[in-house]
């Protein structure tokens, strides 16, 4: 299954992320190396959100990521949520539709 971790970002996110970015990216690279994180990045124009795509049997990896993320801990993320995403098209789709 696929899970989207969706972040709403603080208005001053771009300025405040600088001292936390290395730790955030380290966490993301660890999740990717473990096979849980597929893609992640900030939305642009405006930079008011971010989306991270996780894969697994449950939303646990995405939830754990958010709880450990320095962006969340330091208030750069004003709200986060995990949504199950039923993917049906593409080589990595989780559901096969005839």
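Every read-out reported here was derived from the displayed coordinates using simple, explicitly stated rules and does not represent laboratory data. Values in this document were obtained by computation on a predicted structure and should not be read as measured data. Virtual Cβ from ideal backbone geometry, glycine too; neighbours counted across all protein chains shown.
Computed quantities for the displayed model
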read-out: Kirkwood-based Rg to Rh ratio, the chain, C-alpha trace; value: 0.99
read-out: Nearest 10 degrees, 0 to 90: helix 21-33 Cα axis against the chain principal axis; value: 20
read-out: The chain: relative contact order in percent, alpha carbon pairs under 8 Å with at least 6 residues between; value: 44
read-out: Förster-model FRET efficiency, 35 Å R0, residue 88 and residue 15, C-beta, rounded to 0.05; value: 0.35
read-out: Residue-averaged [θ]222 nm for the chain, counting only DSSP H segments that reach four residues, each worth -39500 (n - 2.57); value: -8000 deg cm²/dmol
